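First up is the structure itself, then whatever we jot down about it.
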Amino acid sequence: MDIETFREFCLSLRGTTEGMKWDHLCFMIEEKIFVLASLEDGALCLKCNPDDFDNLVARHGIKQAPHFARRQWIVLENLEVMPDQELKTRVEQSRTLVLSKLTKKLQAKYL
């Protein structure tokens, strides 16, 4: 998957907006980041279920995201680290995890 296809997928998720923060392309819901993409090296940062963390970081090209909550955010070296379908599933999961931290009223807008 290339970055443009990835961008289109992220924006297809209901309520997703994009912006730039820290020289990275961010995909957000209600201004809360669920994916951070480096335009410089193609790395992706996304939230993960803490129960999946150990299995994910044990894989080649995936590690703990620096500067984010420990055992809750991962960095993929590039878009090729995961098969496209798994990557899409992980992005959707990241969005769901971030959405779950919003108020019930805001969550209802996207369910």
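Just so you know, all these numbers are worked out from the coordinates, no wet-lab data involved. The structure displayed is predicted, hence computed values, not measured ones. So basically every Cβ, Gly included, is an ideal-geometry build from the backbone, and we count neighbours across all protein chains shown.
Descriptive notes on the structure:
- Residues that are of a type in the set (Val, Ile, Thr), touching a helix residue (DSSP H, G or I) at 6+ places or on another chain (Cβ under 7 Å) and either without any contact (Cβ under 8 Å) to a residue 24 or more places away in the chain or surrounded by 10 or more Cβ atoms within 10 Å (Cβ to Cβ) (or both) do occur in region 62-84.
- Matching residues, region 46-61, being surrounded by 18 or more Cβ atoms within 10 Å (Cβ to Cβ) and touching a Leu at 6+ places or on another chain (Cβ under 7 Å): LYS47, CYS48
- Of all residues making up region 14-45, the number that are out of contact with any strand residue (DSSP E or B) (no Cβ under 8 Å at 6 or more places or on another chain) and surrounded by 14 or more Cβ atoms within 10 Å (Cβ to Cβ): 3
- For LYS109, the test of being of a type in the set (Lys, Arg) and out of contact with any helix residue (DSSP H, G or I) (no Cβ under 7 Å at 6 or more places or on another chain) is passed.
- Search result, residues across region 8-26 that are under 19 Å from VAL81 (Cα atoms) and touching a residue at least 24 places away in the same chain (Cβ under 8 Å): PHE9, CYS10
- Scanning region 23-78 for residues that are in contact with an Asp or Glu (Cβ under 7 Å, 6 or more places away or on another chain) and over 16 Å from THR96 (Cβ atoms) yields LEU25, CYS26, ALA43, GLY61.
- If the condition is being part of a loop (DSSP other than H, G, I, E, B) and of a type in the set (A, V, I, L, M), then region 102-111 contributes LEU102, LEU111.
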